[in-house]
Amino acid sequence: MRGRSLRLGAALLINITLTGGLLFAGHAANSSGLTADAGHNLTDAMAIGLALIAEIIALKPASERRSFGNQRMTILAALLNGVVLVAVTVSIGWFAIDRLIHPQPVHGGIVVVAASLSIIANLVVVWLLVSDHEDLNIRATLLHAGGDVLGSAVVAVSGLIIMIGHGPIAQRVDPVASLIVAGFIVVEAIKVTASSLHILLEGVPTDLDVDEVRQRLTDLDGITEIHDLHVWSLSSSHRALSAHAVLSDNPSVSATSALLEQARAVLKREFRIDHTTIELEAKPCEAPAHE
């Protein structure tokens, strides 16, 4: 995780530098597209900064007050990123619509050069972080960077059209590119916010089938039934399970211990569930009211 923090730090430095460069180029070229791209990269810098802070906090060990540690900090950071993305989208869209109504001349050459450099910088960020893509906090940051690559490509194409085109259509290509970038941001915001809320509401991991988990446990010799089964995520990389298991006979203590170890191994190997609480029963207990 410390190596991941270093990669996040490098990505943060790249995005801060890129945001400043795009803002300067956007002013020089009078381009709303580059300004929108700078706004997108600013949200990247904020996203990476939040992700880095969350990673550092998550490194703190569990305590008596926080028995699961601080793993949920990465999910809270991802949720905040989604909210920030929505706010940035509104501001970019408002600016772009104003430019559509009142078009202004744009220097296409500067747009092409600046957008191309933005593509390269964001590809470097993707390369730095792609190895940790399963973590939601990192995936949120990757979505930012991936959206920036696409957004910068759109802006670069708009710059080329401005360079070779003339008339009212060419004048409005730049704000149209801004709106397309805003569309990329909206998609990112929806994905990140939905995934974060699902985890915070302790939903079942989206790639996991509870019935399959139940069936796999009952396939073990010695377990006849699984009920009161709950599976949720502590973070993007840690999952928890609690369940009641009905035993087929009255095994010895050593046999029971071996059965539990086998169940935990299956859950970790096949479903990536690394924190399990299984209550063993000689016969089914009364089901809770909510089941």
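Evaluate region 197-215: report whether one residue or more is in contact with a strand residue (DSSP E or B) (Cβ under 9 Å, 6 or more places away or on another chain), more than 30 Å from Leu76 (Cα to Cα), surrounded by fewer than 16 Cβ atoms within 10 Å (Cβ to Cβ) and of a type outside the set (Gly, Ala, Ser).
Checking region 197-215: at least one residue is in contact with a strand residue (DSSP E or B) (Cβ under 9 Å, 6 or more places away or on another chain), more than 30 Å from Leu76 (Cα to Cα), surrounded by fewer than 16 Cβ atoms within 10 Å (Cβ to Cβ) and of a type outside the set (Gly, Ala, Ser).
Which residue pairs have Cβ atoms closer than 6 Å, lie 6 or more positions apart in sequence or on different chains, and pair a first residue in region 42-68 that is more than 16 Å from Val125 (Cα to Cα) and small (Gly, Ala, Ser) with a second residue that is at pLDDT 70 or above and assigned to a helix (DSSP H, G or I)?
Ala54/Met73; Ala54/Thr74; Ala54/Ala77; Ala58/Met73; Ala58/Thr74
In region 83-113, how many residues are touching a Gly at 6+ places or on another chain (Cβ under 6 Å) and either at pLDDT below 80 or outside any helix (DSSP H, G or I) (or both)? If you could, list the steps in order and put the result at the bottom.
Let us first name the residues in region 83-113 that are touching a Gly at 6+ places or on another chain (Cβ under 6 Å), namely 88, 92, 108, 111-112.
Next, only the ones that are either at pLDDT below 80 or outside any helix (DSSP H, G or I) (or both) stay: 88, 92.
Qualifying residue count for the region: 2.
I need the full set of residues from region 72-113 which are under 13 Å from the mean Cα position of the chain (by Cα), crowded, with 19+ Cβ neighbours inside 10 Å and among the β-branched types (Val, Ile, Thr), in order please.
Across region 72-113, the qualifying residues are Thr74, Ile75.
Here's the yes/no breakdown for (1) of a type outside the set (D, E, K, R); (2) surrounded by fewer than 18 Cβ atoms within 10 Å (Cβ to Cβ):
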position: Ser233; (1), (2): yes, no
position: Arg239; (1), (2): no, no
position: Ala245; (1), (2): yes, no
position: Asn250; (1), (2): yes, yes
position: Val253; (1), (2): yes, yes
position: Ile273; (1), (2): yes, no
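Mind listing whichever residues of region 241-263 are touching a residue at least 40 places away in the same chain (Cβ under 8 Å) and either part of a strand (DSSP E or B) or in contact with an Asp or Glu (Cβ under 7 Å, 6 or more places away or on another chain) (or both)? Step through it out loud before you land on a result.
Here is the first cut: in region 241-263, the residues touching a residue at least 40 places away in the same chain (Cβ under 8 Å) are 244, 262-263.
His244, the sole residue that qualifies.
Determine, yes or no, whether Ser131 is modelled with pLDDT under 85, assigned to a helix (DSSP H, G or I) and surrounded by fewer than 17 Cβ atoms within 10 Å (Cβ to Cβ). Let's see the steps before the verdict.
Working: modelled with pLDDT under 85: yes; assigned to a helix (DSSP H, G or I): yes; surrounded by fewer than 17 Cβ atoms within 10 Å (Cβ to Cβ): yes.
Yes.
Is there a residue being basic (Lys, Arg) and not assigned by TED's automatic domain parsing to the domain that holds Val154 anywhere in region 188-197?
Initially, region 188-197 is screened for residues basic (Lys, Arg), giving 191.
With the extra rule that they be not assigned by TED's automatic domain parsing to the domain that holds Val154, the set shrinks to none.
The answer is no; no qualifying residue exists.
Criterion first (at pLDDT below 80 and farther than 22 Å from Thr141 by Cα) does Ala170 satisfy it?
Details: at pLDDT below 80: yes; farther than 22 Å from Thr141 by Cα: yes.
So Ala170 fits the description; yes.
Given the conditions (1) at pLDDT below 80; (2) surrounded by fewer than 17 Cβ atoms within 10 Å (Cβ to Cβ), report the number of the one that Ser116 does not fulfil.
Single failed check for Ser116: (1).
Within the bounds of region 1-12, is there any residue that is outside any helix (DSSP H, G or I) and within 17 Å of the chain's Cα centre (by Cα)?
Step one: list which residues in region 1-12 are outside any helix (DSSP H, G or I), which gives 1.
Applying the additional criterion that residues be within 17 Å of the chain's Cα centre (by Cα) yields 1.
Yes: region 1-12 contains one or more residues that are outside any helix (DSSP H, G or I) and within 17 Å of the chain's Cα centre (by Cα).
The values are calculated or read from the model by the stated rules, or taken from the named source; none is laboratory data. Worth saying up front: this structure is predicted, and the values here are computed from it rather than measured. In this analysis, Cβ positions are derived from the backbone assuming ideal geometry, glycine residues included, and neighbour counts consider all displayed protein chains.
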